[in-house]
Amino acid sequence: MQKEAILELLKQVIYFPKRDNIINLKMIENIEISEEEISFNLVFPDVNDPGIKTIIENCQNILTTEFGTSTKVNINPIAQKDSGEGSLSGVKNIIAIASGKGGVGKSTIASNLAISLAKLGNKVALLDADIYGPSMPIMFGLENEKPTATDLNGKTKVNPIEKYGIKVLSIGFFVDPEQALIWRGPMASSALNQLFNDAIWGDIDYMLVDLPPGTGDIHLTLTQTYPVTAAIIVTTPQHVAIADVKKAVTMFKQEKIDVPVLGMIENMAYFTPAELPESKYYIFGKGNAEEYAKQFEIPFLGKIPMVQEVAESGDAGKPIALEDGNPVQSAYEELAKGIMKQIKFLN
C-alpha cells in the first residue's frame, strides 16, 4: 500500500457540495500506512456535515476493495477550522453580511464594520463575495492593486491585500473592472471557493463576507461549505426593502443551512445635514426595521444615519469609520461592540 496509490483511489470519492473529489479539494490529511492499516484525517467545513457518514463509507469501501477486507481503514473527521493545513484553520469567526435586495448599502456596512472591529483590537479579514458586482477594491482605494502569490508547501497561495489593518480579498482584484462577469452558478461558486481556499489568511478573529444581494448559489455555497458563525441582515427603512428581508432570514434559518442570524441593521435610517448635525429627517420612514425585526424574531442591531460623507468617503477609498469623532463612526463602533458581545455568547 503506497500513499500515491491510496490518493489516486480516493479521487473516486466526490464531495458534492463542492462538486469535486476529496483529493482535489485537499480534504485528506496526515495519512499513516502500516502493514494492514490505513489512517487519515478527513477535513470537512463542519463536523456536523450530514454527508460525513457517506463519504467515510465510500472511502472505506474503495480501499478495502482494492487492498482486501482485512485492511483496517481508520478515518477521523475533523472540522476545517481544526485542520493543521486548511486555509481557514486560523479563522475564529466567519460572519456573512447579507441583504434581501440590492441598493441598501450592504457593502458600505461591511467595509465600515470591518474597520470598526479592527480599531477595537481585532484581527479582521474582509472577503468580497459579491462575485457579480465586487465593490471592495473601490471602497478601500485598491482599484489598481493586485495580490501577490506565495509558494506554500509546493502550492501557490494568494496573499490578501492589507489596508487599514484589514486583510482584503475580492474577485475584483483578478478581473477587468470594465468587463461584465457573465457566470453561471457553478462558475461563481468555484470563484468563491478559490477566494476562501487559495489564500493565506493566517490568524483572524472576524472574517466578514460581503454577499451578493438576495439569495442564490453564492449564499448556498458559503453556508453549506464553510463554518459560518452567524449572519447579519442589512436593510433600509422602506417597506419594499424590508419585505425582502424575510427571504434572507428564512434562508439562513432553513434546516439544511441553520446559520444563526445575529440581527438586522437599518442603514440610511435618517438623513442629517452637515449644517444641522442635531437634526434627523426620516425620509425613508421611521421605525419600520425595528418593527419587522420583532416580527422576524431577530435582534435589531442598530441604525446607521445617512450623511453626505458616507458616499464621499467610500468613493475615495477611505471608509467613514476611519474618522474618529464622526457621529457615523460612533454608530459603527457601537455596532461592532454589540456584535462582539453576541458572537462571544454564541461561542
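Quick note: the coordinates plus some simple rules give every number you see, no bench work behind them. What you see is a predicted model; the values in this text were computed from it and never measured. Note that each Cβ is placed from the backbone with ideal geometry, even for glycine, and that neighbours are counted across all protein chains shown.
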Open item on the list: How large is the translational diffusion coefficient of region 3-80 in µm² per second when you combine the Kirkwood radius over alpha carbon pairs with Stokes-Einstein at 25 °C and 0.890 mPa s?
Closed with: 196 µm²/s
Open item on the list: Treating the chain as a set of equal point scatterers at the Cα positions, no solvent, please give the Debye-formula log₁₀ I(q)/I(0) at q = 0.08, 0.09 Å⁻¹.
Closed with: -0.42, -0.53
Open item on the list: Taking 0.36 nm per residue of sequence separation and subtracting the Cα-Cα distance, how much length would be gained by fully extending the chain between Asp315 and Lys286, in nm to one decimal?
Closed with: 7.7 nm
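Using just the alpha carbons, could you tell me how many Å³ per residue the convex hull of region 1-150 encloses?
160 Å³
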Open item on the list: Treating only the Cβ of Lys, Arg, Asp and Glu as charged (+1, +1, -1, -1), what charge dipole size does the chain show about its Cα centre? Round to the nearest 20 debye.
Closed with: 620 debye
- [ ] For Gln308 paired with Thr148, estimate the spin-label separation in nm (one decimal), with each label point 7 Å from Cα along the Cα-to-Cβ line.
- [x] 4.1 nm
Task: Extended-chain gain in nm, criterion 0.36 nm per residue less alpha-carbon gap, Asp258 and Ile200 - done: 18.1 nm
Open item on the list: Viscosity 1.002 mPa s, temperature 20 °C: give me the Stokes-Einstein translational D for region 1-47 in µm²/s, with Rh taken as the Kirkwood radius over C-alpha pairs.
Closed with: 189 µm²/s
Open item on the list: Students often check this: by mean Cβ neighbours within 10 Å, which of 316-326, 189-199 ranks highest, and how do the rest follow?
Closed with: 189-199, 316-326
- [ ] Rounded to whole Hz and in sequence order, give me ³J(HN,Hα) for region 33-39 from the Karplus expression 6.51 cos²θ - 1.76 cosθ + 1.60, θ = phi - 60°, writing x for Gly and Pro.
- [x] 10, 10, 4, 9, 8, 10, 10
